[in-house]
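Asker: The structure is given below, and queries will be raised subsequently.
The values are calculated or read from the model by the stated rules, or taken from the named source; none is laboratory data. Quick caveat, the model's predicted, so the values are computed rather than measured. All Cβ positions, even for glycine, are placed from backbone atoms using ideal geometry, and neighbour counts span all protein chains on display. Note: areas computed on protein heavy atoms with side chains; ligands, DNA, RNA excluded. Shrake-Rupley method; radii C 1.70, N 1.55, O 1.52, S 1.80 Å.
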Amino acid sequence: MELLPRRAGEFGSARYWDRFFQQRGQRPFEWYGAFAELCPVLYKYMRPRDKVLVVGCGNSELSEQMYDTGLCKDIVNIDISDTVIHQMQERSGRKRPKMSYLLMDMLQMDFPDGHFQVVLDKGTLDAIFTDEEEATLAKVDKMFAEVSRVLQVGGRYLCVSLAQAHVLKKAVEYFSREGWVVRVHQVASSGDKQQFVLPVFVYVMTKFRKISDSALQILEICSEDQDKPVRVETAERLVAAVKDRQHYALLCSQLSKTSCREEVSLDLCNRESGKPRYTLHVVDSPSVKPSRDNHFAIFIIPQGRETEWLFGTEEGRKQLASSAGFRRLITVALHREQQYKGMASIQAELSGKVMELAPLGLPAQQQVPFLSAGGDIGERTVRHCDTSALSGEYVVEDVKGDGTCYFRRLIFLCSRNVVQSEARLLAPMPLPGQKKRRKDKKQLSPAEPPAAVDKSYLCCEHHKAMVAGLCLLGNPDSLPAPLAVLVVGLGGGSLPLFIHDYFSQAHVAVVEIDPSMLEVAMCWFDFSQGDRMRVHISDGLDYVAKLATEGQYDTIMFDVDSKDLTLGMSCPPPAFVEKTFLQKVKTILKPKGVFVLNLVCRDAHLKESVLATLREVFPLLYARRIEGEVNEILFCQLNPKDQRDPVELGARARALEGALRQPGRPWDISYALADMLQAIKIL
């Protein structure tokens, strides 16, 4: 510690460095790693015939090792410390006759213009650029001007640095403005995480003649495991890319030393496009008893299943890690925009990266298992991509579920892990004379015609609960006829379509604000309109407000998402649960009717506020929590005397199931409407 200066500004003082090297003696001091770590980059940009200037050489062995390995021999080393120059002349002068050590200030060098092909700086810029005071900035400008002056056109300034944001930004802006090509290399780690927590970078500035102030700036970055540079558009983006790598290094260092109390997530991006390719979640389970084989594992989430509770929520991933029996589990989600060849190629691609996230105590040479549900990476086929003015980018995709079933999903890319609508697909029937394909060969292809939607199946648990809510209107044989239903929020149309098909007396009005969704529902989810089903393209708030008739609907259902992702409530938008609007909903509801609301609210205080407002408007309020999801279905009625015991409601639901399950009509027994209503809670 006594070798450190009292003030950062002393790093630019000759007196400080004289004292430093006198106290340190002959022991080499290597700023930012030794030759072994730097040589892969140096060999790319230095040739044996180059004349090389090393500024701020100190007593590093770097120049000696470059000389001894034959990388280059015509090397001039300069430093402002008379003490270290004498030390290095005595240590190296006779052994290496073509290399010299000179006492010289790099801010005012004696060399002629264009004298060198390479200027090498290992930590010197960082030592000078300790702050952004005016005097310091003037020194840096002078240093850059001198480097530029003594370099030939086509020469390279190689600057080894920790790449603090202000240092990198200044260097990039200065030299790119002069028309130089700027490339930043990340140096491969030595593996000594105690000494090298932050990664080391090499700025490679190649001198070109300046053409004009408006000439194209060429800025590039290379990662430690990457040969091909990636072009970036601005200095700010280059600085941001370096900052991401620094944060990642700090994260790896932290994870190598201790367990993480909270889940850690990060994206690994495609080298060419820069878009996320893998999303990793690091989950530690300290309660798992350690053994030799359970330290660490990687779990590949099959494509299309990242939205499931077990994989798509923090609670679910904790349960997965605990049940898998590993002290650290990394879950890996695959992105729909990317292509994957299979489990083996993913394992080869990720092996190096995930080992950087390995826990403390992992035995040397320990083989880390790659796990998955079903042993494969799943199947996903994007059927349709488009952009809606209201909902933004969205995709319609077919995915393989758990087993042999396939599902069609509507995903808004602003919430890429949330399924907006989902439908089960019927297995395609073979044409006459066509052999039925084996199940193990079943794979969707974009060239195939889209499979038919199974309209008898509601994929979403909250939709099943909303349908079960019709039992609040009475027994199946006493349901109103006609049954007037208003559904706000279309999505893929599964909910209103099911009510239309299975309740022959139902007349369904659907309100949808986004015309794109009607097109999606009709083209991709087999939705259609008719005498008993009409869609109105309108804002649900406006549509309800304009309805003048009192007691118009037996059932009103709100299944509408919020476009404001900053709120703690993603369904419905806050305006739909304001008291003035709920009063209008109450007006158009029949006296014995039921208002059904899909509530998705993570903010406990906001949720309690919503429930309090609902109680003010609707005297009778039931709630049904959807297990494993945030959704809670609220059933609201106008008369407290209509309150029914959950057991009675369960009996009604069983009767309803029996009525719906008629000969010749497909029905999926997984609905269990009775269970849905027996789990209801009166608020």
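Asker: State the answer as a single residue: which of VAL282, PRO369, LEU266 lies farthest towards the positive end of the charge dipole of the range 258-372, with beta carbon charges of +1 for Lys and Arg and -1 for Asp and Glu, about the Cα centre.
Answerer: PRO369
Asker: Please compute P(r) over all alpha-carbon pairs of the chain, binned at 10 Å starting from zero, and give each bin as a whole-number percent.
Answerer: 3, 12, 18, 17, 15, 12, 10, 7, 5, 2, 0
Asker: If you keep only loop residues by DSSP, which GluC sites (Glu not before Pro) in the range 99-166 have at most 16 other Cβ atoms within 10 Å of their Cβ? Kindly include the intermediate steps, with their values, before the conclusion.
Answerer: Numbers: sites: GLU132, GLU133, GLU134, GLU146; in loops: GLU132, GLU133.
Sites meeting the loop and neighbour criteria: GLU132, GLU133.
Asker: In whole percent, and with a 1.4 Å probe on the protein chains, what portion of the accessible area of the chain is carbon and sulfur? Intermediate results must be reported in sequence, preceding the final value.
Answerer: On the way: 16570 of 32560 Å².
Here carbon and sulfur together make up 51 percent of the probe-accessible area.
Asker: With 26 Å as the cut-off, how large is the P(r) tail for the range 459-682, expressed as percent of Cα-Cα pairs?
Answerer: On the way: 7849 of 24976 pairs.
Every Cα pair in the range 459-682 considered, those over 26 Å come to 31 percent.
Asker: Could you tell me the ratio Rg/Rh of the range 231-316? Both radii from Cα atoms, Rh via Kirkwood. Numbers along the way, then the final one.
Answerer: Numbers: Rg = 16.0 Å, Rh = 15.6 Å.
Result: Rg/Rh = 1.03.
Asker: In addition: Report the dimensions of the range 94-134 along its three principal axes from the alpha-carbon atoms, largest first, rounded to Å.
Answerer: Principal-axis extents of the Cα atoms in the range 94-134, largest first: 41, 25, 19 Å.
Asker: Any idea what angle helix 82-92 forms with the longest principal axis of the chain, computed on alpha-carbon atoms, 0 to 90 degrees, nearest 10?
Answerer: Relative to the chain, helix 82-92 is tipped by roughly 80 degrees.
Asker: Please work out the FRET efficiency for the pair GLN367 and THR387, using the Cβ-Cβ distance as r and a Förster radius of 51 Å; give the result to the nearest 0.05. Kindly include the intermediate steps, with their values, before the conclusion.
Answerer: Details: r = 45 Å, r/R0 = 0.89.
Computed FRET efficiency for GLN367 and THR387: 0.70.
Asker: Once both labels are modelled 7 Å past Cα along the beta-carbon direction, what's the LEU251-LEU216 spacing in nm?
Answerer: In this crude label model, LEU251 to LEU216 measures out at 3.3 nm.
Asker: Work out the FRET efficiency for HIS166 and ALA427 from their Cβ-Cβ distance, taking R0 = 60 Å, and round it to the nearest 0.05. Don't skip to the answer; put the middle values down first.
Answerer: Values: r = 61 Å, r/R0 = 1.02.
In this case the efficiency is close to 0.45.
Asker: What are the lysines whose alpha-carbon lies under 23 Å from the alpha-carbon of LYS400, with same-chain residues fewer than 8 places away excluded?
Answerer: Once the sequence-local lysines are set aside, what remains near LYS400 is LYS341, LYS435, LYS436, LYS439, LYS441, LYS442, LYS455, LYS464.
Asker: Give me the angle, in degrees from 0 to 90, between the Cα long axis of helix 343-355 and the longest principal axis of the Cα atoms of the chain, rounded to the nearest 10.
Answerer: 50 degrees
Asker: Tell me the volume per residue, in Å³, of the convex hull enclosing the alpha carbons of the range 153-304. Please report the intermediate quantities before stating the final value.
Answerer: Details: hull volume 23.0 nm³, N = 152.
Taking the convex hull of the Cα positions in the range 153-304, it is 151 Å³ per residue.
Asker: Assuming 0.36 nm per residue, please report the length gained on full extension of the stretch SER265 to ASP82 beyond their Cα-Cα distance. Numbers along the way, then the final one.
Answerer: Details: separation 183, 0.36 × 183 = 65.88 nm, distance 5.04 nm.
Once the chain is fully extended between SER265 and ASP82, it gains 60.8 nm.
Asker: Let me ask you something else. Report the charge-dipole magnitude of the chain in Debye, nearest 20, computed about the Cα centre from +1 at each Lys and Arg Cβ and -1 at each Asp and Glu Cβ. Intermediate values should be presented prior to the final figure.
Answerer: Numbers: 86 positive and 87 negative charges, 295 e Å.
Its charge dipole is roughly 1420 debye.
Asker: While we're here: For THR404 paired with GLU133, estimate the spin-label separation in nm (one decimal), with each label point 7 Å from Cα along the Cα-to-Cβ line.
Answerer: Reported label-point gap for THR404 and GLU133 is 7.7 nm.
Asker: Moving to a separate point now. What angle do you read, to the nearest 10 degrees and between 0 and 90, between the alpha-carbon axis of helix 165-177 and the longest principal axis of the chain?
Answerer: 70 degrees
Asker: Which entries in LYS142/LYS170; LYS590/LYS641; LYS169/LYS228 show an alpha-carbon gap greater than 18 Å? Working shown, then result.
Answerer: Numbers: LYS142/LYS170 13 Å; LYS590/LYS641 15 Å; LYS169/LYS228 22 Å.
In this structure, LYS169/LYS228 exceed 18 Å between Cα atoms.
Asker: Determine, from the Cβ-Cβ distance of GLU519 and SER456 and an R0 of 22 Å, the FRET efficiency 1/(1 + (r/R0)^6), rounded to the nearest 0.05. Present the calculation step by step, with values, prior to reporting the outcome.
Answerer: Values: r = 24 Å, r/R0 = 1.09.
Efficiency, from the Cβ-Cβ distance: 0.40.
Asker: How many Å² of accessible area per residue for the chain, probe 1.4 Å?
Answerer: On the way: 32560 Å² over 683 residues.
Computed with neighbouring chains in place, this is 48 Å² per residue.
Asker: Against the empirical 2.2 N^0.38 Å scaling, what ratio does the C-alpha Rg of the range 273-420 come to? Working shown, then result.
Answerer: Numbers: Rg = 16.4 Å, N = 148, 2.2 N^0.38 = 14.7 Å.
Against the compact-globule rule of thumb, the ratio is 1.12.
Asker: Taking N as the number of residues in the range 48-103, what is its Cα Rg relative to 2.2 N^0.38 Å?
Answerer: Details: Rg = 10.1 Å, N = 56, 2.2 N^0.38 = 10.2 Å.
Dividing the Cα Rg of the range 48-103 by 2.2 N^0.38 Å gives 1.00.
Asker: Show log10 I(q)/I(0) for the range 75-232 at q = 0.12, 0.14, 0.16, 0.17 Å⁻¹, two decimals, from a solvent-free Debye sum over equal Cα scatterers.
Answerer: With one equal scatterer per Cα and no solvent, log10 I(q)/I(0) is -0.60, -0.81, -1.04, -1.15.
Asker: Now, a different point. Full-extension gain between ALA145 and ALA240, please, as 0.36 nm times their residue separation minus the C-alpha to C-alpha distance. Could the numbers behind the result be given before it?
Answerer: Numbers: separation 95, 0.36 × 95 = 34.20 nm, distance 2.57 nm.
So the extension gain works out to 31.6 nm.
Asker: Treating only the Cβ of Lys, Arg, Asp and Glu as charged (+1, +1, -1, -1), what charge dipole size does the range 459-682 show about its Cα centre? Round to the nearest 20 debye.
Answerer: Working: 22 positive and 28 negative charges, 134 e Å.
With only Lys, Arg, Asp and Glu charged at Cβ, the dipole is about 640 debye.
Asker: Relative contact order (percent) for the chain, with alpha-carbon contacts under 8 angstrom and 6 or more residues of separation? Intermediate values should be presented prior to the final figure.
Answerer: Numbers: 1245 pairs, mean separation 43.4, N = 683.
Computed value for the chain: 6 percent relative contact order.
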